[in-house]
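Heads up, the thing below is written out as structure tokens.
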Amino acid sequence: MSLVGGKRGRLTIHTVAALAGVSISTASKALNGSGRMSAETRERVKRVAQEVGFRPNALARGLITKRSFTIGLLTNDTYGRFTLPVMAGVSEELVGHGVSVFLCAIEDDPERARVHVDAMLDKSVDGIIASGKRLDRQLPVDLSGLAVPVVYAFSKGPADGVTLRSDDEQGARLAVRCLIDAGCRRIVHVTGPKSFLSVGERANAYRAAVDGPPEVLHGVWSEAWGHEAVARLWERDGQKPDGIFCGNDQIARGVVDGLRERGVRVPDDVAVVGFDNWDIVAAQTRPPLTTVDMNLKTLGREAGRLVLAMSEGREVQPGIRKLPCSLVIRQSCRGAEAPA
């Protein structure tokens, strides 16, 4: 069943109803997911609408459902390292529900943040997802008490909020286990500043997982720090590590480069594991980097699912939800999970 031939005017719900053999009211309810009717009738109406290219008017749909079918994503991660995969997941989850997402970057400017939040509310968004660049800092704007639901994704939320984050401790255990399974017995952890919550969690999990005495070196999130950490470890007396767990992929690439400059083979002499699975870094490291993926796209999908449920009036329990990380095996470390 389709319309063929010459140029046609704007399709209306009347056209869909006539072709599907139902009333206009039934066609409208079928397309809006409301009303009582058989599954066969609802599917027939949707099929006809798709075949003829009918698109329900968003304004009319909003008047019926009291929703705008838009979600706002607010972030201070202007570089997009964390927010872009989160947004990809949010969009992927919501597109099938006819919901659009628009991104507002606020940097760390409270005034700019307030302007963007007001703009979102003026557009009658159905909900807001707040995303940041670290787990232990809130965005520079108070989102409590808004008339729309808020979900915090990779950002600190209030105690009574709905917050999603990666499970850094579980991810660190994956990294250490990979090194142990690869035969490493002297594993060092080279990571970022102590002020980061994620740094402390990963370091604590590393200490609990290693078989030998733990050693944690703190620095900045950079390749240069990875180089420096290798220099410290190789210029001192005593045994050298045979495994290095790095706090992020940038540090790990600096570590791998520093080892290669000293004639140390990776992974033959020293295995290395990073954290983040930042593909532009991990895949381009030589050798390519085994690393922990925080699964931010999955986190975004879950954020989209929860904010949609809340916008539809369904109950969502507040609290922190930790989503598991996964290990991406490349050449810098091949533990038990590596392919044959």
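The values are calculated or read from the model by the stated rules, or taken from the named source; none is laboratory data. From a predicted model like this one, the values you see are computed outputs, not experimental measurements. All Cβ positions, glycine included, derive from the backbone under ideal geometry; neighbour counts span all protein chains shown. These accessible areas exclude ligands, DNA and RNA; they are computed on the full protein's heavy atoms, side chains included. Shrake-Rupley method; radii C 1.70, N 1.55, O 1.52, S 1.80 Å.
For the range 194-201, the criterion of being touching a helix residue (DSSP H, G or I) at 6+ places or on another chain (Cβ under 7 Å), crowded, with 22+ Cβ neighbours inside 10 Å and in a helix (DSSP H, G or I) is met by at least one residue.
So for the range 89-100 (the condition being assigned to a helix (DSSP H, G or I), modelled with pLDDT of 75 or more and farther than 28 Å from A147 by Cα), does at least one residue qualify? The answer is no, given that none of the residues of the range 89-100 is assigned to a helix (DSSP H, G or I), modelled with pLDDT of 75 or more and farther than 28 Å from A147 by Cα. Taking V210, is it closer than 14 Å to V176 by Cα and in contact (Cβ under 8 Å) with a residue 12 or more places away in the chain? So V210 fits the description; yes. Within the range 1-23, restricting attention to residues that are at pLDDT below 80 and of a type in the set (A, V, I, L, M, F, W, C), the residue that is surrounded by the fewest Cβ atoms within 10 Å (Cβ to Cβ) is V4. Please tell me if A30 is at pLDDT below 85, part of a helix (DSSP H, G or I) and surrounded by 12 or more Cβ atoms within 10 Å (Cβ to Cβ). When the stated conditions are applied, A30 passes them. Only one entry in F275, F245 is open to solvent by less than 30 Å² (accessible area, probe 1.4 Å), among the aromatic types (F, W, Y) and under 19 Å from R81 (Cα atoms), namely F275. Can you find even one residue in the range 108-115 that is at pLDDT 90 or above, part of a loop (DSSP other than H, G, I, E, B) and open to solvent by 70 Å² or more (accessible area, probe 1.4 Å)? No, the range 108-115 has no match at all.
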